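First up is the structure itself, then whatever we jot down about it.
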Amino acid sequence: MIRRAALIAAAFLMHGATVHAQDRGATAQVAFNFGGGRIQIAPDAANAATYASRFAAIPASCDPYCIAPQTAAVGIEALIEGQVLDFLVEAVGKNEGLLVDARMPEGRALGHIPGSVSLPHQTLAPENEFREEILKALGARAFEGVFNFADAQSLVVYDNGPTQNDAGVLISHLLEVGYPPEKIRYYRGGMQVWSVVGLTVQEE
């Protein structure tokens, strides 16, 4: 009898957790302040197919091994769409974080996630003479070539999606200069998955 009661209780808890997860996952509409305006993201059925087709194109440089790894680097958490939406509301909307588009300008011109900022991966390459200024803009402090990231922004980095690794390259550059891995997260789905699930895409 005790064992049966325990099984029933476990089943109830699992069912409750499932319902909670489904309810939580159903939220695909958010609004937050960004850049002096109000940003809204919601399912966009009318344009979903157009954008999904646009971002699904495989780059000409793609070889048999061009699929991005599931994890960008050791210690870097990978996010899914709901977590990106949460980050936009809870961090970006409160000026406590940045959603970073690691693609080059020609890629971003095809469309981007509303509320994101452009930070092409090449801008943090070691040879870029402006790298220190960019890191300072992210909240880092520098003294005699040594960076302190205590006040640096929390980042979520994305690119076109699983067939591109611009986000991985940018994350590598950040880690190389000492950016704390706990302040960096990775949205591997990028524009490909974002558009497939029908979320708002912005064009400048």
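FYI, it's all coordinate maths here, none of it is from the lab. Worth saying up front: this structure is predicted, and the values here are computed from it rather than measured. Reconstructed Cβ throughout: ideal geometry from the backbone, glycine too, with neighbour counts over all protein chains shown.
Of TYR65, TYR51, TYR158, the residue with the greatest mean-square motion in the GNM of the chain, using alpha carbon springs below 10 Å, is TYR65.
Centre-to-centre separation between the Cα atoms of the range 137-189 and those of the range 90-116: 13 Å. Taking θ as phi - 60° and the Karplus parameters 6.51, -1.76 and 1.60, the scalar couplings of the range 175-188 work out to 5, 4, 8, x, 4, x, x, 5, 9, 10, 10, 10, 9, 5 Hz in sequence order, x denoting glycine and proline. Note on the range 29-196: percent of Cα-Cα distances in each 10 Å bin, starting at 0 and stopping at the bin with the largest distance, equals 10, 39, 36, 13, 1, 0.
Summarising the amide proton neighbourhood of GLN164: residues at separation of 5 or more, or on other chains, whose placed amide H is nearer than 5 Å comprise ALA68. Over the residues of the chain, the helix contribution to mean residue ellipticity at 222 nm works out to -11000 deg cm²/dmol, using -39500 (n - 2.57) for each DSSP H run of at least 4.
Out of residues 5 or more away from TYR186 or on other chains, whose amide H comes under 5 Å of its own, with H placed 1.01 Å from N in the peptide plane? For TYR186, the qualifying residues are GLU77, ALA78, LEU79, VAL157.
Scalar couplings 3J(HN,Hα) for the range 191-199, obtained by applying the Karplus form with A = 6.51, B = -1.76, C = 1.60 to θ = phi - 60°, are 5, 5, 6, 3, 6, 5, 7, x, 7 Hz; x denotes Gly and Pro.
Among the GluC sites (Glu not before Pro) in the range 106-196, those placed in a DSSP loop whose Cβ has at most 12 other Cβ atoms within 10 Å are GLU127, GLU129, GLU144. Remark: the range 89-101, residue by residue, has Karplus-estimated 3J(HN,Hα) of 6, 7, 10, 4, x, 10, 6, 10, x, 9, 8, 10, 8 Hz, where x stands for each Gly or Pro and the curve is 6.51 cos²θ - 1.76 cosθ + 1.60 at θ = phi - 60°. For the chain, DSSP calls about 40 percent of its internal beta bridges antiparallel.
Full extension of the chain between ARG38 and CYS62 yields a length gain of 4.9 nm, computed as 0.36 nm times the residue separation minus the alpha carbon distance. Between THR123, THR163, THR50, the residue with the greatest mean-square fluctuation in the GNM of the chain (Cα pairs under 10 Å linked by springs) is THR50.
Near the amide H of LEU199, within less than 5 Å, lie the amide hydrogens of ASP44, all on another chain or at least 5 residues away, with H placed in the peptide plane.
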